[in-house]
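Notes for the one structure printed next.
The values are calculated or read from the model by the stated rules, or taken from the named source; none is laboratory data. Keep in mind that this is a model prediction, so the values were computed, not measured. Note that each Cβ is placed from the backbone with ideal geometry, even for glycine, and that neighbours are counted across all protein chains shown. All accessible areas refer to the heavy atoms of the entire protein, side chains included, with ligands and DNA or RNA removed. Shrake-Rupley method; radii C 1.70, N 1.55, O 1.52, S 1.80 Å.
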Amino acid sequence: MSSERVDGRTLRFQHRRPELLAAATEYVLDHGIAGLSLRPVAQALGVTHATLLRHFSSKDELIKCVVEKIRTDLFAQVTADSELQEAGSTAQLLRITWRRLCEPKAQRQFLLMFEIVAGKGWQSEDGGELTQPMLDDVDFISGWLRQDGWQPEDASALATLLLAQIRGLQLDLLVSGDRARADRAFEFSLALLEPRTGPSGS
């Protein structure tokens with residue numbers, strides 16, 4: 001029988017998939033997915049390769065689960081956040097969200113998204129399962145806009161435009177580091193929200 005010492009983290013993660021996924025998510029956010037391999041992930045988390053495979057049958061499954069967790073955690077944070085709940089409009093909600101997304105820890109999500117979209121890292125075989133959460137973000141924002149009085153079709157189109165601007169500005173911020181310029185550009189984008197009923201209701 002092997003006398004190999006078992007790391008305490010291995011015991012903690014062995015039957016706790018949520019904790020293991022949370023730790024794996026942090027690893028992926030820190031290291032990206034280019035050249036990702038399960039063995040180094042397992043080693044960094046202090047578990048065996050077999051333990052990781054027991055919870056995630058492949059690298060593909062692990063990355064899909066990581067992407068979904070990032071999205072789920074963001075939505076859960078928005079739902080539970082008292083500051084966001086007290087916001088009186090979509091513009092206020094987006095301002096608060098933008099400020100938090102600009103934090104270095106949160107920006108890792110955009111780095112991962114850009115890596116996936118650019119196709120320079122890992123891609124699923126069908127290519128569709130990773131992009132779906134990005135489309136769900138449009139529905140999330142359009143729901144806020146409908147509460148502000150925008151017609152459904154206009155809310156969807158405007159949410160698409162706002163989300164594209166946020167992602168583009170995050171890319172610019174990651175490259176340039178010019179937060180003041182990115183903030184000013186973001187405020188310009190919020191001017192689109194001024195007609196509360198939207199073009200169809202004018």
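Overview of values
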{"item": "Ranked packing of 54-67, 167-180, 76-89, most packed first, by mean Cβ within 10 Å", "result": "54-67, 167-180, 76-89"}
{"item": "In Hz, Karplus ³J(HN,Hα) per residue of the stretch 151-162 (6.51, -1.76, 1.60; θ = phi - 60°; x = Gly, Pro)", "result": "5, x, 5, 5, 4, 5, 5, 5, 4, 4, 5, 5"}
{"item": "Computed over the stretch 9-70: relative contact order in percent, which uses C-alpha pairs under 8 Å that are six or more apart", "result": "41"}
{"item": "Residues listed by number, the stretch 88-115, amide nitrogen under 17 Å from Arg179 label point at 7 Å toward C-beta", "result": "95-110"}
{"item": "Under 5 Å, built H, 5+ apart or other chain: amide partners of Val47", "result": "none"}
{"item": "Rounded to the nearest 10 Å², the accessible area of Ile70 at probe 1.4 Å", "result": "30"}
{"item": "For the stretch 9-70, alpha-carbon Rg over 2.2 N^0.38 Å", "result": "0.96"}
